[in-house]
Structures are given as C-alpha cells and as structure tokens.
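This report refers to the structure that appears directly beneath it.
The values are calculated or read from the model by the stated rules, or taken from the named source; none is laboratory data. This is a predicted model, so every value here is computed, not measured. Every residue, glycine as well, gets a Cβ built from its backbone with ideal geometry; the counts of neighbours run over all protein chains shown. Note: areas computed on protein heavy atoms with side chains; ligands, DNA, RNA excluded. Shrake-Rupley method; radii C 1.70, N 1.55, O 1.52, S 1.80 Å.
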Amino acid sequence: MENMVKQPPMAADRNAEDDVIDLLEIFYMLLSHWRAIFLAMLAGAVLLGTYRVFLVKPSYQADAKIYITNTDSMVTFADLQLSAALTDDYAQIIKSRTALNRVIEELELDTTYDRLAGLIQVINPDSTHIIQIVVTCGDLELSRNIANALLNISINQIHQVIGSSEPTVIDYSEAEAVKDVTPGMKKYLVIGALGGALLVCALLVVRMLMDTTLKTEEDVEKYLHLPVLASIPCFSDKE
C-alpha cells in the first residue's frame, strides 16, 4: 500500500524535467512573433516621441565657480589643508536656508526654499578647492540670475560664518555658457522602443508558460511521455 502511494523515481524525474524552462524554445517563439515585437517597438517610440515634443519642457543649466583658500600674499601648506577640510562646510553654507531665502528676496522669486534647493547642486571636484554652483531650471535667464545671485550671497555668508578671508570668484555665470540640458529626441525614441519590445516579450513569455495545451506530436512525447500511434490530419475547407 505504501508503494502504491509513493511516486516512482522515474516519474518524479520526468516532472522535474517538465518544470525546466527551455530558453531555446522561448527564443524561437519570440522570433516567430517578430512582427508583434516590431509593432510594439514602433508604438513605444511614437508614444514617447509625442510625449517629448508636446509635454517635455526645455531645461537649462547655468554654473558659477568660486575658489576656497586664503587670499593672503603668503599661502602655507597648512592653509591649503584647512581649505580642503572646510570645503564640505562651504557647500552646506551655500545651500543653507538663509542663503537661499536671500536669493528669493533679491530676485523676487515666486517660490519656496525647498523648491529652490531642488534646482541647485553644489559640486566639489575631487582634490580641488573649487566649488561649482549649478542651477537647472526651465528658464535660461533665470538659471543664470540664480547662479550669480547665489554666488555673491554665498561669498558674504561664508565670510560671516567661517570668519576667514572671502572666497575668490573664478567664473560668473554668463548667458553664452548656459547649456540646454533637455533630453534629446533620440533618447526618448530608444527608451520607448525598448520599453515596447520588453512589454510585448514579457506578455508572450507569460502566455507561453501559462499555456498547457498540447498542439503537436512533439508536445505529446515531451509532456506525456507517450508514443504517438496515429494522427488525424486537419484539412481546411476551401471555397
């Protein structure tokens, strides 16, 4: 009785083999549906391309740079080390609530401190005493004005907080140097095409894995492990 309940080892091995996903079979299945995949790529590219043209707003990036070090005539190695150690502190002062609120007041901006902070990046290149203020927004002139206003206000703020000599201005932001950083059309088309293809491929694979019907003689031998003794051909009616 016990032997009748237990599954034979050979049957267990067959079930384990049936659970294995045949990657080659999936590849040929996807290859047979290349038209659907191509149409999905085309549709995805058109959709994201349309989104890029009508809904994506232009974005501009302006930057200004200051140099953090002692401006005395004699600069010692200790001064350079101190400047490097305080660079992170300077970056925090530049994005402080006090500095940004002063920028809002000076430029009469209709925004809040949090929103303005989201437009600003303070970058310190490795092994340098340079701090770069980067402002990204949808208005070319406004991005330049914010960068320059924050640069001037930060210099005074750093001098008041740190108490050392004022940082030296390397570059003010200029209209000619403002960059258009709006993502290009090609990027949206590629992302849309890849997204459409991945979506259709995923649906096809899921449908294939969920399909348990037997369609060919090979399916009978593979999944039922039974020989095919006979087959009845199917003829379509022709007018």
Which pairs turn up if I take residues in region 189-208 that are in a helix (DSSP H, G or I) and look for partners that are not aliphatic (A, V, I, L, M) with beta carbon separation below 6 Å, at least 6 apart in sequence or on another chain? 189/49; 192/44; 193/44; 195/44; 196/44; 204/33
In the list 118, 138, which residue meets the criterion of being under 19 Å from residue 179 (Cβ atoms) and touching a residue at least 12 places away in the same chain (Cβ under 8 Å)? 138
Has region 63-74 got any residue that is modelled with pLDDT of 80 or more and surrounded by fewer than 12 Cβ atoms within 10 Å (Cβ to Cβ)? no
Go over the candidates 173, 165 one by one and state the one that is open to solvent by less than 60 Å² (accessible area, probe 1.4 Å) and modelled with pLDDT under 90. 165
Taking region 121-133 and the residues there that are of a type in the set (A, V, I, L, M, F, W, C) and over 13 Å from residue 154 (Cβ atoms), the one that is surrounded by the most Cβ atoms within 10 Å (Cβ to Cβ) would be 130
Looking at region 210-227, can you tell me whether even one residue there is surrounded by 11 or more Cβ atoms within 10 Å (Cβ to Cβ) and within 35 Å of the chain's Cα centre (by Cα)? no
Answer yes or no: is there a residue in region 229-236 that is modelled with pLDDT of 90 or more and either closer than 30 Å to residue 88 by Cα or among the small types (Gly, Ala, Ser) (or both). no
I'm checking my understanding of the structure. Among residues of region 89-115 that are more than 15 Å from residue 135 (Cα to Cα) and among the charged types (D, E, K, R), which one is surrounded by the most Cβ atoms within 10 Å (Cβ to Cβ)? 102
Can you find, within region 133-175, the residue that is nearest to the chain's Cα centre (by Cα) among those that are in a loop (DSSP other than H, G, I, E, B) and farther than 15 Å from residue 63 by Cβ? 138
